[in-house]
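Chemist: There's a structure below that I have some questions on.
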Amino acid sequence: MSSTKLIVLKSKELIYTAILLALVIVFVIILITMFRGKDSDDTSGSARSIATSAQTDPSPKLDEIHYTPGTYSSSLVLGENTLSVMVTVDKDYITDVSFKQVDETVTTMYPLLETALEDINTQLHYISSVDDITPSGDSTYTTRLIIDSIRNALKDAVIN
């Protein structure tokens, strides 16, 4: 003869188990997104932005770019702070990029700002265009902000 077995579950235990299971699933999803390779996403996004900028703003060839020698400035907004980016050019090349009157609080709040600027100045000695600057891994966003400010400053310097 078969005997019927009854299992008694308390509703509190079911609710606690469901909440725990949901938390474990959320935790696993967070871990997967954290440790998933970011490099493939970053390169496709930057390739898209480069392709878009090439389509919307056709730049002249490198031998056709000439500047009016001097120092040109552009503003860079970081949060509530506005920096002045100074770009010094001679006839054919960008010779120096610097910040004017950088406050100590800005360098504290944005520690990658100075290293990104040093990296840009180092690369400018070896390349002939702002478009050829490659951001380093740690300061990609900061470098792109500075490059955009350099482009804005160079709008006044370019001789057509």
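The values are calculated or read from the model by the stated rules, or taken from the named source; none is laboratory data. Here the structure is a predicted model, which means the values were calculated and not measured. Every residue, glycine as well, gets a Cβ built from its backbone with ideal geometry; the counts of neighbours run over all protein chains shown.
Chemist: Of all residues in the range 118-129, how many are in a loop (DSSP other than H, G, I, E, B) and at pLDDT 85 or above?
Modeler: 0
Chemist: Do we have any residue at all in the range 99-111 that's touching a residue at least 40 places away in the same chain (Cβ under 8 Å) and farther than 17 Å from Gly70 by Cα?
Modeler: Scanning the range 99-111 turns up no residue that is touching a residue at least 40 places away in the same chain (Cβ under 8 Å) and farther than 17 Å from Gly70 by Cα.
Chemist: Before we move on, is Pro69 of a type outside the set (Val, Ile, Thr) and either at pLDDT 90 or above or in contact with an Asp or Glu (Cβ under 6 Å, 6 or more places away or on another chain) (or both)?
Modeler: In short, yes.
Chemist: Starting from residues that are out of contact with any helix residue (DSSP H, G or I) (no Cβ under 8 Å at 6 or more places or on another chain) and under 24 Å from Ile159 (Cα atoms), keep the ones in the range 88-106 and report whichever is surrounded by the fewest Cβ atoms within 10 Å (Cβ to Cβ).
Modeler: In this case the residue turns out to be Lys91.
Chemist: Taking the range 63-98 on its own, how many of its residues are outside any strand (DSSP E or B) and closer than 19 Å to Ala116 by Cα?
Modeler: Selection size over the range 63-98: 1.
Chemist: In the range 130-151, which residue that is assigned to a loop (DSSP other than H, G, I, E, B) and in contact with a Ser or Thr (Cβ under 8 Å, 6 or more places away or on another chain) is farthest from Leu112 (Cα to Cα)?
Modeler: Among those residues, the one meeting the criterion is Ile133.
Chemist: Going residue by residue through the range 99-117, is there one that turns out to be assigned to a loop (DSSP other than H, G, I, E, B), more than 12 Å from the chain's Cα centre (by Cα) and of a type in the set (A, V, I, L, M, F, W, C)?
Modeler: The answer is yes; a qualifying residue exists.
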